[in-house]
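Taking it in order: structure first as structure tokens, then the write-up.
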Amino acid sequence: MKCYVHKDADAVGVCPTCKQGICGVCANKIDGNLYCKNDAVNIRARSQKKKGGLPVLLELLIDVAIAAIMTIIIYALALWLGWL
């Protein structure tokens, strides 16, 4: 069997979702199974939703906000202690 993307490459496995052959370059391992790129993206997206994960941009904004608040607290403490 050949890879469905790289027609000249031998398949190292078959995607359990779409049943297409996938080569080593195309294979995405998730929980011990090999998936094609499209199905791997879908599985990871569903997994992220099930875990209640936040979108990456929202997580980044939260991290930046926490860092800003911590900076303000440290600055205020330094002023209060007379270090600045």
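Values quoted throughout were computed directly from the atomic coordinates according to the rules given, and no laboratory measurement underlies them. It should be emphasised that the depicted structure is a prediction, and the values quoted were computed from it without experimental measurement. Cβ sites come from the backbone with ideal geometry, for glycine too, and all protein chains shown count toward neighbours.
Some points to look at:
- Residue match in the range 33-44 (condition: exposed (fewer than 12 other Cβ atoms within 10 Å of the Cβ) and among the charged types (D, E, K, R)): no
- The sole residue among D39, D63 that is touching a residue at least 12 places away in the same chain (Cβ under 8 Å) and part of a helix (DSSP H, G or I) is D39.
- Where a residue in the range 1-27 is within 13 Å of A40 (Cα to Cα) and its partner, wherever it lies, is in a loop (DSSP other than H, G, I, E, B) and among the polar types (S, T, N, Q), with Cβ under 8 Å and at least six apart: V14/Q20
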